[in-house]
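> One structure, as C-alpha cells, below. Some questions next.
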Amino acid sequence: MKNIYLLAAILLMVFSSCSTKLDLVNTADPIPVVYFQMNPNDNINYLTLTRTFSGDSNAYKLSRKADQVFYANANIRLEAWVGDYKVDETYFEPSARTKVPGIFAEVPGYCYQSKHLLHQSNWEVTHFRLVISGPGMVSPAFSKIALVGPPIIKSQYDNQISLYPKMNEIGIAPGLGTAYCDLICVFRYRQMEGIWVNHSDTFLLRRDMRFETGRTDYLYAELFYKQVAANIKPVNDTIVRKFTSLDLIMYAGDIYFRDYVDTYSNAGNLDLPPKGNITNGLGLFTMLRTAIKDNMKLDRITHDSLCLGQYTKQLGFVRW
C-alpha cells in the first residue's frame, strides 16, 4: 500500500511540474526543393530553389515569410565531367526573377541563373553533376545526369514543308540518350475580321515519340492535317483565313524527364509527388534539349491540301 501512495505522489509531482501546452509541431531541418531543366545550348540556365518549412502557424502564413521558403545564400555549382574527370564548372547566382504566382512570398530568392556556359564543345562530356549547399542544410544536395544529344529536324528545303508526293520531306531524329520526345507546332495565320488580324495556335503534333536506335521518323501528311483540324476552330462561310507560317519545335528529354512527365500523367490529382533524382533533397535535375525549324512555308500542293483537304477544308483557309 505504501508503494502505491509513493507512486501516486511521484506522478503528481511530474505532471504538476510540466506545462499544459502541447508542442504539436516538431521543427525539422529544411530540405532543399530543386527544379532544373538544363539545355546546354542556352546562353543562361535557370534553376529554381526553395525548401520545406515548418512552424507553429498555418502553411499559408508561413509561406509568406521569405526566410521560411527560400535560401538567401545558396552555393550552387554545375560541373561537366568526362568519365571520372571534372573538366569544367560554373556557379549560379540569384537572378532578378521573382516568384509572383501562388501563395509564396513575392520576393527574389527562388530563382538562380548560371554565370557562364560550360565549354563542353572542347571535351567529350559524358555527364553533368549539380551540387547545392546552403544555410541549414545538413548535407549538400547533389545529382548527376548523362549528356543527351541534340535532336534533329531536317527538311529537303530549308524553309518549306513539302508533304507530297513522298510524305517524308520532314525528318525527325532524337539525340543520343533521349528517353522522351514531343513534337510541337506553332501555326500562324491571318483572319479577316473587318481587317486582317494575326493569330497563332500552338499544339502537339506528336507526344512521346518512340524511336528505334538510329531510326529517323517523318512528318506524315494525314497526321499533320488531322492535328491542325483538331486544334484550330472551324469557321462559317463568312470567315476567311490565310496561312502565314509555322514553326516545328522538338523537345527531347532524358529518363528523369520521362519519369517526371509520367508521374503527372498517371496521377492527375497530384496525390503522388513527382519523381525526382536529388540526393539529400527533393525535385528534379534533368536535361531537356530542343530543335527548331522556324518560319516554315508550305509548298503549293501541301497548301492546297490545307485549303481543300477533307480534314481541314472547314477551317476557312484560302489559296489566294
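> Cβ neighbours within 10 Å, averaged per peptide: list 279-289, 229-239 in order, most packed at the top.
279-289, 229-239
> Amide H neighbours of M287 under 5 Å, counting only residues 5+ apart in sequence or on other chains, H built in-plane at 1.01 Å?
Here the answer is M38, D254, F257, since their amide H atoms fall under 5 Å of that of M287.
We did not get these values from a lab; they are worked out from the coordinates using the rules stated. This is a predicted model, so every value here is computed, not measured. With ideal geometry, Cβ positions are generated from the backbone for all residues, glycine too; neighbour counts draw on all protein chains shown.
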